[in-house]
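Before any comments, here is the structure.
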Amino acid sequence: MPCTASHRRRSPDKAADEVAWIVDRYNPDQLWYADDVFTISHPWLQRYSQELKKRGLHLPFETITRADRLQSEASVAALKELGCYRIWIGSESGSQRVLDAMERGVSVEQVRRATKLAQQAGIRVGMFLMWGYEGEQIEDIAATVEHVKESNPDVFFTTVSYPIKGTPYFETVKDKVSLPVAWQEATDRDYFIHGRRSRDYYRLADVWLRNEVEASRLARTDPVRSADLMETARKARDEMCRTGAS
């Protein structure tokens, strides 16, 4: 999200009222706050926590955060007190060059710090990553692999970037974009970007990433398995270098 973006917040009491209604009607075991900027205002979180306490509400939940809004022990403690058991971070890339091109307004180091602080507080971390942003090179993918190894989130998912109308990314690639299905039946993910590397290329990126990260995690406890995983990762990387150069 570019730093110039804006948002609207609901009042803490109205949000707490909705949670009370959900609990009364559905009695869920946990909640998912579908809010990409849930942690953007720390004062809001404090007031929201007070409103939940007034209603006797305390449910485990997971949500999403920008890494730059989770840089202090106090902000993490506020989430923990609310009942957060897992936080999702849109890391997108381990290459600062790519993050800057995305206009994320976040640094690789901020992602790593947010991950560490959350895990130290007993909050699991999920990480979203994105391949294929315009201008991405094999060195950027290598940086992402190293970033995930260094950050060591509890879980991570990858996707291939897709253009959404109204975003700077769409404007960057609009001359290369086509829609192979009828507009009324399409989603943003159906846009085809001409000149982009193949799906198999990004499948190999996943193989490289997942095997090298797992190899790093097993290096001390199971060096034989770790070596096997590193070999799989190396083969995927080498194949990407061959297909990417062709």
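Each reported figure results from applying straightforward, stated rules to the coordinates on display, with no laboratory input. Small disclaimer: the values here were computed from a predicted structure and weren't measured. FYI the Cβ positions are ideal-geometry reconstructions off the backbone, even for glycines, and counts take in every protein chain you see.
Numerical summary
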| item | result |
| --- | --- |
| Net charge dipole size for the stretch 63-108 [Lys, Arg +1 and Asp, Glu -1 on Cβ; Debye, nearest 20] | 100 debye |
| Surrounding net charge for Tyr191, when Lys and Arg each add one and Asp and Glu each subtract one, Cβ distance under 11 Å | +3 |
| Cα gyration tensor, the stretch 1-161 - rounded (a/c under 1.5), prolate or oblate | prolate |
| Farthest positive-ward along the chain dipole, Cα basis, beta-carbon charges - from Val37, Val224, Gly122 | Gly122 |
| Around Ile123: net Lys/Arg minus Asp/Glu count, Cβ-Cβ under 10 Å | +1 |
| Inter-part distance where the stretch 15-51 and the stretch 112-174 are each reduced to a Cα centre, Å | 26 Å |
| Order of Trp21, Trp183, Trp208 - criterion: other Cβ atoms within 10 Å of each residue's Cβ, fewest first | Trp183, Trp21, Trp208 |
| Mean separation of Cα contacts under 8 Å (6+ apart) over length of the chain, as relative contact order % | 13 percent |
| Pairs of lysines in the chain (C-alpha under 27 Å apart; 8 or more residues apart or interchain) | 11 |
| Three semi-axes of the equivalent ellipsoid, the stretch 63-153, Cα gyration tensor, whole Å, largest first | 25, 12, 10 |
